[in-house]
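Asks: Input: one structure, supplied below.
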C-alpha cells in the first residue's frame, strides 16, 4: 500500500514516515512545497497524481492560529481551497482521503467533550478556514474521513508538549 501524506516537513508526515519504515508492505511518501503548495491549487493534482497513492492523508495546513487573523486570505487559500484540491485529486484517482482538522471548528463553550454531531461555530479565522476545508473535502471526495484533533505532538518539530518540557527544565515555575 502506498500512503501519500501532504505536509512533508510536519510532525504527522515525519511520524508516518517513521511508522511506514517499520510496517511491511507500506510505503509512505511525504509531499510538500514546492511540488505541492496548497496556496497554489494548480500544483496539487499533478503532485498527488505523480505519487500514485492508494490513500491520501491530508496533513498540510496553515497552522499559525493567531497570525491567521492578519492573513485570512492565505489561511482560507491553504486550509479550505487547498484541502479541497487535495480531496479532489484523491477522488480523481479513485482513492480515499483522511483529512486532519481541528477542534477550533467549535466555539469552545461546551461543558464537556465535543462529539462530531455538535454544532460548529468557529470563533477565529483559523477555525473558520479549517471548517471550510472540512466542507470542501467532504464535497470533493465521498470517500473521506475527517479527524478533528486538539493537539498534534510527536518527537519531531515544535509542539506544546516539547515546549512545556523545555520550559519545565529551564524554570522553577510555569505560569
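Only the coordinates and a few stated rules stand behind these numbers; no lab work does. Small disclaimer: the values here were computed from a predicted structure and weren't measured. Glycine also receives a Cβ, built like all others from the backbone with ideal geometry; neighbour counts cover every protein chain displayed.
Asks: Residue check: is residue 139 touching a strand residue (DSSP E or B) at 6+ places or on another chain (Cβ under 7 Å), outside any loop (DSSP other than H, G, I, E, B) and either more than 18 Å from residue 59 (Cβ to Cβ) or without any contact (Cβ under 8 Å) to a residue 60 or more places away in the chain (or both)?
Replies: When the stated conditions are applied, residue 139 does not pass them.
Asks: Shifting gears a bit: Give just the number: which of (1) buried (at least 22 other Cβ atoms within 10 Å of the Cβ); (2) under 12 Å from the mean Cα position of the chain (by Cα) does residue 98 not satisfy?
Replies: Every condition holds for residue 98 apart from (1).
Asks: Right, something else. Using the structure shown, decide if residue 50 is closer than 19 Å to residue 91 by Cα, surrounded by fewer than 14 Cβ atoms within 10 Å (Cβ to Cβ) and in contact with a strand residue (DSSP E or B) (Cβ under 9 Å, 6 or more places away or on another chain).
Replies: yes
Asks: For region 33-46, enumerate the residues that are over 19 Å from residue 143 (Cα atoms) and touching a helix residue (DSSP H, G or I) at 6+ places or on another chain (Cβ under 8 Å).
Replies: Within region 33-46, 34, 35, 36, 37, 38, 39, 41 meet the criteria.
Asks: Okay, moving on. Within region 118-125, is even one residue assigned to a helix (DSSP H, G or I), surrounded by fewer than 18 Cβ atoms within 10 Å (Cβ to Cβ) and in contact with a helix residue (DSSP H, G or I) (Cβ under 8 Å, 6 or more places away or on another chain)?
Replies: No - not one qualifying residue is present in region 118-125.
Asks: Tally up the residues in region 1-32 that are within 21 Å of residue 101 (Cβ to Cβ), surrounded by 16 or more Cβ atoms within 10 Å (Cβ to Cβ) and out of contact with any helix residue (DSSP H, G or I) (no Cβ under 7 Å at 6 or more places or on another chain), please.
Replies: 9
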